[in-house]
Amino acid sequence: MLEEVEHWLTHRSWSAADRPLSRLLAAKRNAGAAGTVSVVLPALDEEATVGPIVETIRRELMSEAVPLVDELVVIDSGSTDRTAEVAAAAGARVVHRDTILPRLPAEPGKGEVLWRSLLVTSGEIVCFVDADLRAFSAGFVSGIAGPLLTEPDVQLVKAMYDRPLESGRGPEGPLEPGGGQDGPLGSVEQGGRVTELVARPLLNLHWPRLAGFVQPLGGEYAVRRSLLEQLPFPVGYGVELAMLIDALDLAGLDALAQVDVGVRLHRHQDGQALGRMAATIYRTAQARLARGHRVRPVLTQFDRTDDGFTPTVHDVAAEERPPMGTIPEYRARRAPRDGRVA
């Protein structure tokens, strides 16, 4: 098993710089319809960051000179700030989550938004990018899309990066050089506490073939639509872990890859939010270790109040959406393109 992972790391781990834009554009032209690229930004109250991300992608990857990306869609999952307005002004097509597949009431969670995005995008390569990134580089998109344009056997590509923690002095404050107060200096997974404490141990113990992924929970990755159509989507935070495990089962390790895109700066969550994320990750893994075992456990956390420590109980999301390829509305939408009968 170790030899297989080492071989994978050698042959399926790259840097974004390995594929210059000129090479990607040539590969895209040769691929025809199979090389169409959609970028999806799931967004919830991200007015401070979504605009610069959209502007960068449009300026650097959607120009007449560099037409790498064919469509850029922001899926607003119920923002109460100006996220939708800012994204539209920057040039994105903005779609509200609740307007997609309205016959099915939306569940809260990131996975729900990603699942529904397949119904309002058309690219054969779908790139997911979190909308809370700061100092965003277009290399995040070109980096993860690159192997799918140049390597016919690759089905899914995750971004890997350094992830420094902020010092706590505001969003523009200095960064800890390593893991900050929650991790050792020099740690590759800088700031990824849920990854290091939950996801990475789970993968190493139960899915050791996936042990080579540096950022298994990272929100920046590209996938062929043909694979996405076959995957169930946990509605919540467990979607990234589930996608890796299920893609391994469906496509095999050699169809998965990762690309180094540099440094990722974004908003960090507080400790209780991380606890809820960790519980969801564990539950997602548990569901895959015992297929068909469906329960909705809860997580109790504590806040200090005037009465002492007060418990708050949170549901741990376990519901999943079925593969999009099984949804009649999606099949009807895709039929004219590929000749299938809905």
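The values are calculated or read from the model by the stated rules, or taken from the named source; none is laboratory data. All values reported here derive from a predicted model rather than from experimental measurement. Note that each Cβ is placed from the backbone with ideal geometry, even for glycine, and that neighbours are counted across all protein chains shown.
Please determine, by comparing only the residues of segment 304-342 that are closer than 26 Å to SER226 by Cα and assigned to a strand (DSSP E or B), which one is modelled with the highest pLDDT.
Ranking the candidates gives ARG321 first.
If I go through segment 1-36 residue by residue, how many of them are within 30 Å of LEU205 (Cβ to Cβ), touching a strand residue (DSSP E or B) at 6+ places or on another chain (Cβ under 8 Å) and of a type outside the set (Phe, Trp, Tyr)?
3
Which of the residues belonging to segment 22-37 are free of Cβ contacts under 8 Å to residues at least 60 places away in the same chain and surrounded by fewer than 16 Cβ atoms within 10 Å (Cβ to Cβ)?
SER22, ALA26, ARG29, ASN30, GLY32
When you check VAL54 against the structure, is it more than 30 Å from LEU210 (Cα to Cα) and either in contact with a strand residue (DSSP E or B) (Cβ under 8 Å, 6 or more places away or on another chain) or not aliphatic (A, V, I, L, M) (or both), yes or no?
yes
Inside segment 125-160, can you point out the residues that are outside any loop (DSSP other than H, G, I, E, B), of a type in the set (A, V, I, L, M, F, W, C) and within 23 Å of ALA48 (Cβ to Cβ)?
CYS127, PHE128, LEU133, PHE140, VAL141, ALA159
Sort through VAL40, VAL50, VAL73 and tell me the only one that's free of Cβ contacts under 8 Å to residues at least 60 places away in the same chain, among the hydrophobic types (A, V, I, L, M, F, W, C) and buried (at least 20 other Cβ atoms within 10 Å of the Cβ).
Step by step, each of VAL40, VAL50, VAL73 is checked, and only VAL73 is free of Cβ contacts under 8 Å to residues at least 60 places away in the same chain, among the hydrophobic types (A, V, I, L, M, F, W, C) and buried (at least 20 other Cβ atoms within 10 Å of the Cβ).
In segment 177-221, which residue that is hydroxyl-bearing (Ser, Thr, Tyr) and under 24 Å from PRO42 (Cα atoms) is modelled with the highest pLDDT?
Per the criteria, the residue is TYR221.
Could you grab me the full set of residues in segment 209-258 that are among the charged types (D, E, K, R) and surrounded by fewer than 22 Cβ atoms within 10 Å (Cβ to Cβ)?
Result: ARG209, ARG224, ARG225, GLU229, ASP246, ASP249, ASP254.
If only one of ARG97, ARG103, ARG19, ARG116 is farther than 24 Å from ALA159 by Cα and surrounded by 17 or more Cβ atoms within 10 Å (Cβ to Cβ), which one is it?
Only one candidate qualifies: ARG97.
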